[in-house]
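The values are calculated or read from the model by the stated rules, or taken from the named source; none is laboratory data. From a predicted model like this one, the values you see are computed outputs, not experimental measurements. As a convention, Cβ positions derive from the backbone with ideal geometry for all residues, glycine included, and neighbour counts pool all protein chains shown.
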Amino acid sequence: MSEFPASVEVVRSLRPRGGFRAVMFDFDGTLSLVRGGWMELMTEQMLTVLRDAGSQEPEPMLRHRIVQFILDLVGQPTMRQMERLADEVARLGATPQSPDVYLRNFLRELKIRVEARMTAMTVQGEDPERFRVPHAIPMLDWLQGRQVPCVLASGTERIHVVREARALQLVPFFGERIYGPGDGHVFSKRAVIEQMMHEWGIPGEQILGFGDGVSETEEIHRVGGIAVAVASDESGGGIVDPIKRERLIRAGADLVIPDYRDALPLLHWLSTH
Ligand SMILES: [Mg+2]
């Protein structure tokens, strides 16, 4: 389809739907790079836990299996990945720690990295664009200018999402519409989408979703919306991550983009078809 910009990969052609009326964004890896590298960190920690639990599996195979189950659960609360880790430990015949403990260990290490980036932005005057998926701001400006409601839905604790979104100067585009687990609230991307459909009266097919995770991609696809896979490699270099791309296509992505360099012509096209 030549009508799409060069950086947009069209996985399946889109049927006419009279444009889109609301947009849901995932946060980490989709708009924010503040937690970039979290997957490598989680993989290393899980590798250590499974080795300590007695796994004899050769390293490349074990590593590959860990990456696969991490990816399967991306977009869901991080606790799900830790529960899966506990299951794996139990399967080895060892006694797992509580998933809570695994989660705390992971978050403690991640926090050190995140805080360094937060300090760079909020204290050292680093340009937040360095920690955003490139060219997000002109796209969000465009959507705001047309009064298209945008929702931010993350599997990361909401309190962290809000703080990081503020440092990234993304809050004005979402206002109160920032969702994530926390405060004892049950959270799922499905629930957020259903809220958009039922409370705002927007048909599923007129919801546009941007995400780099399987969960939001599947949920947008399920309601017949347009699922744009942001297959960012999280380096900020605008390169498509081949593993993410393949999984997101399998999850139902309609389009794949490396970042938002061509978001404006894309949004224009989507809003008129
Ligand atoms: Mg993500």
(Q) Condition first: outside the structural domain of Ala229 (by TED's automatic domain parsing), at pLDDT 95 or above, part of a helix (DSSP H, G or I) and hydroxyl-bearing (Ser, Thr, Tyr). Can you find one or more residues in the stretch 94-110 that meet it? (A) yes
Q. Taking the stretch 113-137 as the region of interest, how many residues are over 22 Å from the mean Cα position of the chain (by Cα) and assigned to a helix (DSSP H, G or I)?
A. 3
Q) Is there a residue in the stretch 138-154 that is among the aromatic types (Phe, Trp, Tyr), assigned to a helix (DSSP H, G or I) and not assigned by TED's automatic domain parsing to the domain that holds Asp241? A) no
Q | In the stretch 146-167, the residues that are within 14 Å of the ligand (Cβ to nearest atom) and under 18 Å from Phe210 (Cβ atoms) | A | Leu152, Ala153, Ser154, Gly155, Thr156, Val161, Glu164, Ala165
